1. So how many residues does the stretch 31-46 have that are more than 8 Å from the chain's Cα centre (by Cα) and within 21 Å of GLU57 (Cβ to Cβ)?
2. Which residue pairs have Cβ atoms closer than 6 Å, lie 6 or more positions apart in sequence or on different chains, and pair a first residue in the stretch 50-62 that is under 14 Å from LEU19 (Cα atoms) with a second residue that is among the basic types (Lys, Arg)?
3. Could you check how many residues of the stretch 19-30 are within 23 Å of GLU57 (Cβ to Cβ), out of contact with any helix residue (DSSP H, G or I) (no Cβ under 6 Å at 6 or more places or on another chain) and part of a helix (DSSP H, G or I)?
4. Of the conditions (1) part of a helix (DSSP H, G or I); (2) touching a Lys or Arg at 6+ places or on another chain (Cβ under 9 Å); (3) surrounded by 15 or more Cβ atoms within 10 Å (Cβ to Cβ), ASP58 satisfies every one except a single condition; which number is it?
5. So which residues in the stretch 31-55 are in contact with a helix residue (DSSP H, G or I) (Cβ under 7 Å, 6 or more places away or on another chain), of a type in the set (D, E, K, R) and either assigned to a helix (DSSP H, G or I) or surrounded by 15 or more Cβ atoms within 10 Å (Cβ to Cβ) (or both), if there are any at all?
6. Any chance the stretch 10-18 includes a residue that's surrounded by 13 or more Cβ atoms within 10 Å (Cβ to Cβ), assigned to a helix (DSSP H, G or I) and touching a helix residue (DSSP H, G or I) at 6+ places or on another chain (Cβ under 6 Å)?
7. State which residue pairs qualify: first residue within 18 Å of PRO2 (Cα to Cα) and inside the stretch 17-38, second residue among the aliphatic types (A, V, I, L, M) and not in a helix (DSSP H, G or I) in any location, beta carbons under 9 Å apart, and separation of 6 or more residues or different chains.
8. Find the residue count for the stretch 1-23, including only residues that are of a type in the set (A, V, I, L, M, F, W, C) and within 15 Å of ALA54 (Cα to Cα).
Amino acid sequence: MPNRIQQRRLELEMTQAELAKRLKISVTYLSKLENERVNINVKLAIRIARALRARVEDIFFD
């Protein structure tokens, strides 16, 4: 599933460390999510969208 995590994070001028801290995940795991190297579950997708002040569909769907 293509995502726009990094794009939205940069729009908000947020570092990976800041977002990872808000999500309570490691920076390494966040990097893997941004680069689509790991699958994401629905609960985490919702948490990411909220942290990025966006809708899930805007982050994870075309």
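A short reminder: the numbers here are calculations on the coordinates, not readings from a lab. Here the structure is a predicted model, which is why all the values come from computation and not from measurement. All Cβ positions, glycine included, derive from the backbone under ideal geometry; neighbour counts span all protein chains shown.
1. Applying the first criterion (more than 8 Å from the chain's Cα centre (by Cα)) to the stretch 31-46 yields 31-32, 35-44, 46.
Restricting the remaining residues to those that are within 21 Å of GLU57 (Cβ to Cβ) gives 35-36, 38-44, 46.
Total satisfying the criteria: 10.
2. ALA51/ARG22; LEU52/ARG8; ALA54/ARG8
3. Selection size over the stretch 19-30: 1.
4. Unmet for ASP58, out of (1) part of a helix (DSSP H, G or I); (2) touching a Lys or Arg at 6+ places or on another chain (Cβ under 9 Å); (3) surrounded by 15 or more Cβ atoms within 10 Å (Cβ to Cβ): (3).
5. GLU34, ARG47 - these are the residues of the stretch 31-55 that are in contact with a helix residue (DSSP H, G or I) (Cβ under 7 Å, 6 or more places away or on another chain), of a type in the set (D, E, K, R) and either assigned to a helix (DSSP H, G or I) or surrounded by 15 or more Cβ atoms within 10 Å (Cβ to Cβ) (or both).
6. yes
7. Between residues of the stretch 17-38 that are within 18 Å of PRO2 (Cα to Cα) and residues that are among the aliphatic types (A, V, I, L, M) and not in a helix (DSSP H, G or I), the close pairs are TYR29/VAL38; LYS32/VAL38; LEU33/ILE25; LEU33/ILE40; GLU36/MET1.
8. Qualifying residue count for the region: 6.
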